[in-house]
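A quick write-up on the structure given underneath.
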Amino acid sequence: MRYRLLEHTADAMVEAYGNTLGERFANAAYALFDQMTDVTKVSPTGEVKLELEADGREQLLVDFLQELLFLHDVENLVFGEFSVDTDGTKLVAIARGENFDEKKHTKRSVVKGVTYHRLEFDDSRKAVTVLFDV
């Protein structure tokens, strides 16, 4: 299981899993786009490379997800495949996807942002909890 949707009154909160920190980042990105559209219908016809640095993994995760959200908002891109290499302060990621097409992709929620509220890494369970502002 990549992620699961958690109970939240107004926003979308997910718990993403992965054996490595990179897998958790990748599955959090997958969960982000799965809130917006059915990612199983996203073809990996193009790719974007992201390189980021931050003071810690919490900031790095939020920056990474915000950058992906920016690409969606500005360039109309949706992604369904992610490979992420990170040590918690530096990140190199490849996001694969395509342009959003209303005929192919269903609209789900409009994600407005990624928040630090309730952000939590649980290393013993190999999970990270992230809240998306919808």
Of residues in region 67-94 being aromatic (Phe, Trp, Tyr) and within 19 Å of VAL134 (Cβ to Cβ), the one surrounded by the most Cβ atoms within 10 Å (Cβ to Cβ): PHE79
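Could you list, in sequence order, all residues of region 29-62 that are part of a helix (DSSP H, G or I) and more than 10 Å from the chain's Cα centre (by Cα)? Steps first, please.
Kept after step one, since they are part of a helix (DSSP H, G or I), are these residues of region 29-62: 29-36, 39-41, 57-62.
Result: MET36, VAL39, THR40, LYS41, ARG57, GLU58, GLN59, LEU60.
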Candidate set: region 1-28, residues that are over 25 Å from PHE100 (Cβ atoms), modelled with pLDDT of 95 or more and not in a loop (DSSP other than H, G, I, E, B); chosen: the one nearest to the chain's Cα centre (by Cα): ARG24
Filter result for GLY56 (surrounded by 20 or more Cβ atoms within 10 Å (Cβ to Cβ), under 22 Å from ASP133 (Cα atoms) and either free of Cβ contacts under 8 Å to residues at least 12 places away in the same chain or not acidic (Asp, Glu) (or both)): no
Failed criterion for TYR116 (all others in (1) part of a strand (DSSP E or B); (2) at pLDDT 95 or above hold): (2)
Matching residues in region 76-107 - criterion: being within 13 Å of LEU21 (Cβ to Cβ) and of a type in the set (D, E, K, R): ASP85, ASP87, LYS90
Residue check, LEU71 in contact with a Phe, Trp or Tyr (Cβ under 9 Å, 6 or more places away or on another chain), within 20 Å of THR40 (Cα to Cα) and not β-branched (Val, Ile, Thr): yes
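The values are calculated or read from the model by the stated rules, or taken from the named source; none is laboratory data. It should be emphasised that the depicted structure is a prediction, and the values quoted were computed from it without experimental measurement. All Cβ positions, even for glycine, are placed from backbone atoms using ideal geometry, and neighbour counts span all protein chains on display.
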